[in-house]
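Below is one structure, written out as structure tokens; comments come after it.
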Amino acid sequence: MTDTDGSRALRAEIRGWFEQVLAAEVCLDRVPGCALTEEQDFAERRRYAGVLTRDGWAGLAWPREWGGRGGGYRERLVFAEEAARADAPDPLNRLGVDIIGPAIDVLCTDEQKRRFLPPILRGEAIWCQGFSEPGAGSDLSALSTRAERVPGGWRINGQKVWTSFGQYADCCVVLARTDPTVRPHAGISAFAVPMDAPGVEERPIRQMTGGSDFCEVFLTDVHVADADLLGAEGDGWKFAMTALGFERSINFLARQVRLTRNVSDLVVQIRANATRVPSRAKERVVGIHARAMALQAVVEANMAALDAGGVPGVETNASKVFWSETYQGMTDLGAELELTVPGFGDGLGAAWTSSYLAGRATTIYAGTSEIQRNIIAERGLGLPR
Ligand SMILES: Cc1cc2nc3c(=O)[nH]c(=O)nc-3n(C[C@H](O)[C@H](O)[C@H](O)COP(=O)(O)OP(=O)(O)OC[C@H]3O[C@@H](n4cnc5c(N)ncnc54)[C@H](O)[C@@H]3O)c2cc1C
């Protein structure tokens, strides 16, 4: 991104901070002697969230009222670029800081903001998102988890699936049907459910990467107080759409910025193995590089529009599709070279092959590519269903 005077100073400050703090205080699994198990990695990422808060970087764009720095998207973009440059880990409370916290700020009562927001920013409360169910993913409004009124609150029964970080989270936004008599979107409410409440059970799902980043969550007669209904009764759909808007705009920023860094790494590796890499692969990396550059320009334009008061629209759906498909093109090529060109990726421990496996999910989470294309066609281009 081209810097203004203000962002140049901020960039220098952030770069200095990463140089001083990251290596000294955060154990990174790529550092020799620092290989982490999955649980240690999650613990380390939780600790990293605390380090970001301690030094004032966690809430760069959060309102000052809730402990943030009151910055805008440009500041976030600078931070994301410097984090990618420093190869910083993903803080564990990313869902809370980027998606759920901002949705709470828009839709909840002052009492709830005071109760929920500061612990998210301090990295003390890790939140997860209990939206999808076995019978309700793309068609989220078909969800069947139900919440019935009981004295002093609600009783929730049902099952969630693909709940990212559910087994490490302290609290979950659970979407549940509170009124089965109205149209499906209108009868859903959102609840803050503590993960240690009686009746909540998580079962981690083992993925083909070998890790288990997400889990199933079973809810059996879980009691939730009235004070933990997020927004008004029937506002669950609004909560989900607000959260997904933040997911595809703010939350994807870091991933989109990191793609540019990953593509540069691939180019460097191809250059280092130039005589052994087939020319067809070199042609492919040129195309991937061009797409990454185009995405960077789109992201900067989207961010400038949001800073000028715009709301996330179909352009964020388009950049999500473009990012995920470019990411997969990059990992397809990296893994292919790692597996077929002797010496390619030496010292990286099959990093491309593992990114290839993890990258299959990018065209699914936060709405599949097919659903994104439907939205772009209908809302962006005005095409009939
Ligand atoms: C890594 C990962 C993390 C996730 N984290 C979370 C999380 O934290 N919380 C959460 O609630 N969910 C999470 N999800 C779930 C995710 O939101 C869903 O997987 C996604 O919305 C798709 O739903 P589904 O899996 O039920 O697939 P389905 O909706 O059953 O879709 C199956 C296929 O049919 C296609 N399809 C469905 N409907 C249409 C249509 N109308 N037009 C064209 N094609 C269609 C889809 O594109 C897809 O290819 C996560 C998923 C992944 C992979």
query = By how many degrees, 0 to 90 and rounded to 10, does the Cα axis of helix 252-272 deviate from the longest principal axis of the chain?
reply = 20 degrees
query = Ordered by residue, what ³J(HN,Hα) values in Hz, to whole numbers, does region 82-87 give under the Karplus form 6.51 cos²θ - 1.76 cosθ + 1.60, where θ = phi - 60° and Gly and Pro are x?
reply = 6, 5, 5, 4, 7, 6
key: Overall form of region 5-121 per C-alpha gyration tensor (a/c, 1.5; a/b vs b/c)   = oblate
task = Starting at the first residue of region 107-115, write each ³J(HN,Hα) from the Karplus equation 6.51 cos²θ - 1.76 cosθ + 1.60 with θ = phi - 60°, in whole Hz, x for Gly and Pro.
result = 10, 9, 6, 4, 4, 5, 4, 4, 6
remark   = Unit-weight point scatterers at every alpha-carbon of region 127-237, Debye formula, q = 0.21 1/Å: log10 I(q)/I(0) is -1.08
ask   = Which angle from 0 to 90°, rounded to the nearest 10, does the C-alpha axis of helix 38-54 make with the longest principal axis of the chain?
value = 80 degrees
note = Most packed first (mean Cβ within 10 Å per residue), the peptides 215-225, 7-17, 373-383 order as 215-225, 7-17, 373-383
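How long are the semi-axes of the equivalent ellipsoid of the chain, taking √(5λ) for every eigenvalue λ of the Cα gyration tensor, in whole Å from largest down?
Whole-Å semi-axes of the equivalent ellipsoid: 35, 24, 22.
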ask   = What shape does region 286-385 take by its C-alpha gyration tensor, where a ≥ b ≥ c are the square roots of the eigenvalues and a/c under 1.5 counts as rounded, a/b above b/c as prolate, and the rest as oblate?
value = prolate
Computed [θ] at 222 nm, helices only, for the chain once each DSSP H run of length n ≥ 4 contributes -39500 (n - 2.57) = -14000 deg cm²/dmol
note = Measuring from its Cα centre, region 262-356 shows a charge dipole (+1 at each Lys and Arg Cβ, -1 at each Asp and Glu Cβ) which, in debye to the nearest 20, is 300 debye
query = Using +1 on the beta carbon of Lys and Arg, -1 on that of Asp and Glu, and nothing else charged, what's the dipole of the chain about the Cα centre, debye to 20?
reply = 800 debye
ask   = If you average the sequence gap of Cα pairs under 8 Å that are 6 or more apart and divide by the length of the chain, what percent do you get for the contact order?
value = 13 percent
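Any read-out appearing in this document is the output of simple, stated calculations on the displayed coordinates, not a laboratory observation. Owing to the predicted nature of the structure, the values given are computational and were not obtained by experimental measurement. A quick note on method: Cβ atoms are made from the backbone with ideal geometry, for glycine too, and the neighbour counts reach across all protein chains shown.
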